[in-house]
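Notes follow the structure.
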C-alpha cells in the first residue's frame, strides 16, 4: 500500500501546553512532507503513518495494524519546541519526522528506494521555506460567459497551518480580488471535504461531499 498520509501528535503521557495545540503547529510540515514524497511511494506497506512524540509508556515503539503505522519519538523535547521561534519549531518537526521515518525504513530493509525519497522530501520541505500554495484544479473554474477565472489554492504555512484561498482573475489575467474558502487557520487536510465547484450564472459555488454548498462568490458582473 502506498503512503498517503503522515501525521504527528503528542503522546498521552506528554505534557505540551494546553493552549498551544501540537497538531496545529506541526500540520503544515507533515502535509508539505507528504506532498513532496513521490507518487506511489511505499514505506512499510501502511497508507497512514503517525509519529507520536513523547513517552510511550507500555506501548511498543513501532506497530502496524489495519493499514496504519505508529512510531514513538520518545525523546522529543516539548520544552525546547514551545520555547523556540516558528522557524526553529518547523525545523525540529521536520528533523523528528525524517528521523522517525528513516527508523521505520531501517526496520524494513533500509533499501535506497525507501530511504532516499525520505531524505529528498525533507530537503524539499526545507528549501520551500516551510510554505507552499498548491493550486487545486478540481475546484478552480472559469466562468465562460464572463471569462472570469477563480483559482483555488491550498495554502500550507506556519501562520495558517492549512487554509484554502480563492483568487479572482479577469479576462486579461489580472487578479481582481480574493476570498478565503476556509477559516484563515486550520489543522485538517481538507482535500476530501470539497467534492466539486461550478459556476451558476455568475456565481461560483463549492460543494462538499454531501452536495451542500459551503462557499459561494458572485463575480463582479455575475
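Key figures for this structure:
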read-out	value
Of 50, 203, 42, the one that fluctuates the most in a GNM where the chain has Cα springs shorter than 10 Å	203
Sorted by Cβ neighbour density within 10 Å, fewest at the top, the residues 104, 214	214, 104
For peptides 131-139, 119-127, sequence by mean Cβ density within 10 Å, most packed first	119-127, 131-139
Percentage relative contact order, the chain, counting C-alpha pairs under 8 Å, at least six apart	16
Efficiency of FRET from Cβ geometry, residue 180 and residue 126, R₀ 41 Å, rounded to 0.05	0.90
Beta bridges per DSSP with both ends in region 5-127, % antiparallel, nearest 5	25
Relative exposure of 128, 100, 187, judged by other C-beta atoms within 10 Å (fewest first)	128, 187, 100
Sorted by Cβ neighbour density within 10 Å, fewest at the top, the residues 191, 56	191, 56
Rg [Å, one decimal], Dmax [Å, integer] - region 5-127, C-alpha atoms	13.9, 41
Region 5-127: relative contact order in percent, alpha carbon pairs under 8 Å with at least 6 residues between	28
Burial ranking of peptide ranges 195-202, 60-67 (average Cβ count within 10 Å, highest at the top)	195-202, 60-67
Average Cα contact separation per residue, region 132-218, under 8 Å, 6 or more apart, as relative contact order %	22
Alpha-carbon Rg with Dmax, taken over region 132-218, Å	12.6, 38
Whole-angstrom gap from region 1-55 to region 175-191, using each part's C-alpha centre	21
Descending semi-axes in Å of the chain, equivalent ellipsoid built from Cα gyration tensor	37, 19, 16
Per-peptide average of other Cβ atoms within 10 Å, ordering 81-94, 154-167 highest first	154-167, 81-94
Projected label distance in nm at residue 144 and residue 41, using a 7 Å step from Cα toward the beta-carbon	3.9
Helix axis angle, 112-127 relative to the chain longest principal axis, alpha carbon, degrees	60
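No value in this document is a laboratory result; all are computed from the given coordinates. Note that the structure is a prediction, hence the values are computed from the model and not measured. Methodologically, a virtual Cβ is constructed for each residue, glycine included, from the backbone with ideal geometry; neighbour enumeration extends over all protein chains shown.
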